[in-house]
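Structure first, commentary second.
Bear in mind these aren't lab numbers, they're just calculated from the coordinates by the rules spelled out. Being a predicted model, the structure only gives us computed values, none of them experimental. In this analysis, Cβ positions are derived from the backbone assuming ideal geometry, glycine residues included, and neighbour counts consider all displayed protein chains.
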Amino acid sequence: MIRALIVVLLAAWLAPALAAPASFNAVYSVSRDGLVIGEARETLEIANKRYHLESTLTPMGVVAVFLKETFKQISSGEIGPAGFRPQQYAYQRSLKTDKNIDARFDWKTKTATFRFDGKSESKPLPNALQDRLSLFYQLKYWPKGKDKLLIPMSNGKGITEYTIVRAGEETLTLPAGTFRTTRYVRERTPDNDGITVWISDKLAAPVKIVIDGKKGEQTEQVLTHVTSE
């Protein structure tokens, strides 16, 4: 059970995070079946047409008894009329540093370089690629008249494609307040978890994320506090 909770905790946090193109600090509670298993703190800074985003996960409750380290994701790059364009993505563990990941995206040479497990790999860099933290920032630039988008995404080890559907509007009441939101869905498949994300019309950030696991388990990440500029 503990191993399963650890996996769920990491999976929830590693789901693409969303944020508005303005500086802010956000805190999320991560739970499974009503049991709080972690807290994620996210900060975003934008200046001089560049952004820097950090998300730090701290285990809580029963998970913290067995997992005594923190996990950090970092995304940085440029922001312009077309949206977010990451240049670096990193995944860092406070104790097991051999598990760290570093990815660089060179838009001049159209090359993505991945460093993990003591090795380095390079692949062609597709247009509009996003990383785990920047992926859904692009929702702010969602094209009118489109109900579905196919976006190339990197987890720091390689590149895959996410199909995301715009699924309607809802009003949610959460610990951080009441929000009018737009719901976006990545449907579950035999090989991938399903992800549903609710984005505030004011924050353009995630206020709630639900992950539907391949085995039927469900994990929630809920906004509990946010400050922005």
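For residue 111, what residues show an amide H to amide H distance below 5 Å, using hydrogens built from the backbone and excluding near sequence neighbours?
106, 125
Starting from one equal scatterer on each C-alpha and no solvent at all, send me the Debye-based log10 I(q)/I(0) for the range 92-172 at q = 0.16, 0.25 Å⁻¹, two decimals.
Values, matching the q order: -0.71, -1.20.
So for the range 32-137, if I pair up every lysine 8 or more residues apart or on another chain, how many of those pairs have alpha-carbons under 30 Å apart?
The result is 23.
Tally Lys and Arg at +1 and Asp and Glu at -1 over the other residues with C-beta under 11 Å from the C-beta of residue 107: what net charge comes out?
After counting each charged neighbour, the total is +2.
For the chain, how big is Rg over Rh, using alpha carbon atoms and the Kirkwood form of Rh?
In the chain, Rg relative to Rh is 0.94.
Calculate one ³J(HN,Hα) per residue across the range 78-91 by plugging θ = phi - 60° into the Karplus curve 6.51 cos²θ - 1.76 cosθ + 1.60, and present them in order as whole Hz with x for glycine and proline.
Computed from phi, the couplings for the range 78-91 are 9, 9, x, x, 8, x, 8, 10, x, 10, 8, 9, 9, 10 Hz.
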